[in-house]
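Undergrad: Below is the structure I would like to discuss, written out as structure tokens.
Please treat every number below as a calculation from the coordinates, not as lab data. All figures in this text were calculated on a predicted structure; none of them were measured in a lab. Backbone-built Cβ (ideal geometry, glycine too); neighbour counts: all protein chains shown.
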């Protein structure tokens, strides 16, 4: 019996490796986006801590007010920068998700074709086995008729 051979196996393997690479790239982009979100959360936490610290002070000096104002300006600028960075990263993630989806579809198409070809091959092998079995039965019957 001949062994099953899928002529597009190399292409299927290539597409599987491409899918893995696209998924790895998506994972990196998601990690980048998560890092940006953590930075935003950390900045918000620092802003709350500064606000709470100011409220607890009985008296604020002009130096402290200037430092708080400078921090708030920095925090506002940093929040804008992080928001823009997060939006850009989210856009890259969305585009990469499309790439992963496309690569996954390409793999699935070939896998379905491979499965279909394997079912056809198995059906052919089963028919061949039945044909050979039938020939064997007929040959044995003929032999028994000659000797009998």
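Undergrad: Cα convex hull of the chain: mean projected area in nm², to one decimal?
TA: Values: hull surface 60.9 nm².
Dividing the Cα hull surface by four gives the mean projection, 15.2 nm².
Undergrad: Distance in nm between label sites at residue 93 and residue 147, each 7 Å beyond Cα in the beta-carbon direction?
TA: 7.7 nm
Undergrad: Length gain on complete extension for the stretch residue 138 to residue 81, per 0.36 nm per residue less the alpha carbon to alpha carbon distance?
TA: On the way: separation 57, 0.36 × 57 = 20.52 nm, distance 8.43 nm.
Using 0.36 nm per residue and subtracting the Cα-Cα distance, I get 12.1 nm.
Undergrad: Take each of the peptides 80-93, 51-64, 3-16, average the number of other beta-carbon atoms within 10 Å over its residues, and list them starting from the highest.
TA: Numbers: 80-93: 14.2, 51-64: 8.9, 3-16: 12.4.
Those peptides, ordered most packed to least, come out 80-93, 3-16, 51-64.
Undergrad: If you don't mind, there's one more thing I want to ask. Determine the calculated [θ] at 222 nm for the chain from helices alone, applying -39500 (n - 2.57) to every DSSP H run no shorter than 4 residues and normalising by the residue count; nearest 500 deg cm²/dmol. Present the calculation step by step, with values, prior to reporting the outcome.
TA: Details: 2 runs with 134 residues, N = 148.
The per-residue figure over the chain is -34500 deg cm²/dmol.
Undergrad: Another question, if that's okay. What FRET efficiency comes out for residue 14 versus residue 39 if R0 is 30 angstrom and r is the Cβ-Cβ distance? Round to the nearest 0.05.
TA: Numbers: r = 38 Å, r/R0 = 1.26.
Approximately 0.20, to the nearest 0.05.
Undergrad: Next up: Can you work out the PRE-style zone for residue 104? Point 7 Å along Cα to Cβ, and I want the residues of segment 25-45 with backbone N under 17 Å.
TA: 25-31
Undergrad: Under the rule a/c < 1.5 gives rounded, and otherwise a/b versus b/c splits prolate from oblate, where does segment 42-121 land using the Cα gyration tensor?
TA: It is prolate, given that a/c is not under 1.5 and a/b is the larger ratio.
Undergrad: Same structure, new question: May I ask you to compute the full-extension gain from residue 66 to residue 28, defined as 0.36 nm times their residue separation minus their alpha-carbon distance, rounded to one decimal in nm?
TA: On the way: separation 38, 0.36 × 38 = 13.68 nm, distance 3.98 nm.
Taking 0.36 nm per residue and subtracting the Cα distance, the gain is 9.7 nm.
Undergrad: Shifting gears a bit: Relative to the first principal axis of the alpha-carbon coordinates of the chain, what is the inclination of helix 9-56, with its axis defined by its Cα atoms, in degrees from 0 to 90 and to the nearest 10?
TA: Between helix and principal axis, roughly 20 degrees.
Undergrad: What is the diffusion coefficient of segment 107-148 in µm²/s, taking the Kirkwood radius over Cα pairs and the Stokes-Einstein relation at 37 °C with a viscosity of 0.692 mPa s?
TA: Working: Rh = 12.6 Å.
Reported coefficient: 261 µm²/s.
Undergrad: To the nearest 10 degrees, how steep is helix 62-147 against the longest Cα principal axis of the chain, on a 0 to 90 scale?
TA: For helix 62-147, the angle is close to 10 degrees.
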